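The structure under discussion appears below in the form of structure tokens.
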Amino acid sequence: DTRIIRIDVENGTMEELWQEKCWISHLNPSPTRPTLLTFCHEGSWNLVDHRIWVMDTKNGKPYSIRKRKVEEEKIGHEYWFANGEQIGYQVHTPDHRSYFGFVRYDGTREVETDCQRFR
């Protein structure tokens, strides 16, 4: 049982924004949009179908970002870009490829590129 709560630091009131029976962590607020945040479903990366979730605290309905495209694909290392619009992440495929990507918070404008290893 995991809950996302908001606490008003001036008056101490608490509001529950989201609750589900799943291991949630990596709660990250957008640096420019105060009502947007991301969180992650945790567990073995290759078993988590939808790791990155976005929630607008105005309506409280989370939605997944960058769903898995192939079985056993691993997605993680999620973060907001400084503009507060794009969410960056890294992907590892079952055939041992890695790439970086980003997508706008509403799921549009996804860009992905191979991760090159330096030797």
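The values are calculated or read from the model by the stated rules, or taken from the named source; none is laboratory data. Predicted model, so just to flag it, every value in this text is computed and none were measured. All Cβ positions, even for glycine, are placed from backbone atoms using ideal geometry, and neighbour counts span all protein chains on display. Note: areas computed on protein heavy atoms with side chains; ligands, DNA, RNA excluded. Shrake-Rupley method; radii C 1.70, N 1.55, O 1.52, S 1.80 Å.
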Residues of region 54-76 being more than 19 Å from T108 (Cα to Cα) and either open to solvent by 30 Å² or more (accessible area, probe 1.4 Å) or without any contact (Cβ under 8 Å) to a residue 12 or more places away in the chain (or both), in sequence order, are K58, N59, V70, E71, E72, K74
What are the residue pairs meeting all of these: first residue in region 34-53, first residue open to solvent by 60 Å² or more (accessible area, probe 1.4 Å), second residue assigned to a loop (DSSP other than H, G, I, E, B) and among the basic types (K, R), Cβ atoms under 6 Å, and 6 or more apart or on different chains?
D49/R68; H50/K67
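Please go through region 13-33 and give me each residue that is outside any strand (DSSP E or B), at pLDDT 95 or above and loosely packed, with under 12 Cβ neighbours inside 10 Å, ordered by number. Give the steps one after another, and end with the answer.
Initially, region 13-33 is screened for residues outside any strand (DSSP E or B), giving 13, 21-23, 30-33.
Retained after the next criterion (residues that are at pLDDT 95 or above): 13, 30-33.
Scanning region 13-33 gives a single hit, T13.
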Across region 59-108, the tally of residues that are polar (S, T, N, Q), under 21 Å from I24 (Cα atoms) and out of contact with any strand residue (DSSP E or B) (no Cβ under 9 Å at 6 or more places or on another chain) stands at 1
Going through (1) under 14 Å from R51 (Cα atoms); (2) part of a loop (DSSP other than H, G, I, E, B) one by one, I75 fails only at (2)
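Out of G84, G101, I need the residue that is touching a Lys or Arg at 6+ places or on another chain (Cβ under 9 Å), open to solvent by less than 40 Å² (accessible area, probe 1.4 Å) and on the phi > 0 side of the Ramachandran plot. Which one? Break it down into steps so the answer makes sense when it comes.
On the way: G101 fails: on the phi > 0 side of the Ramachandran plot.
Sole residue among the options that is touching a Lys or Arg at 6+ places or on another chain (Cβ under 9 Å), open to solvent by less than 40 Å² (accessible area, probe 1.4 Å) and on the phi > 0 side of the Ramachandran plot: G84.
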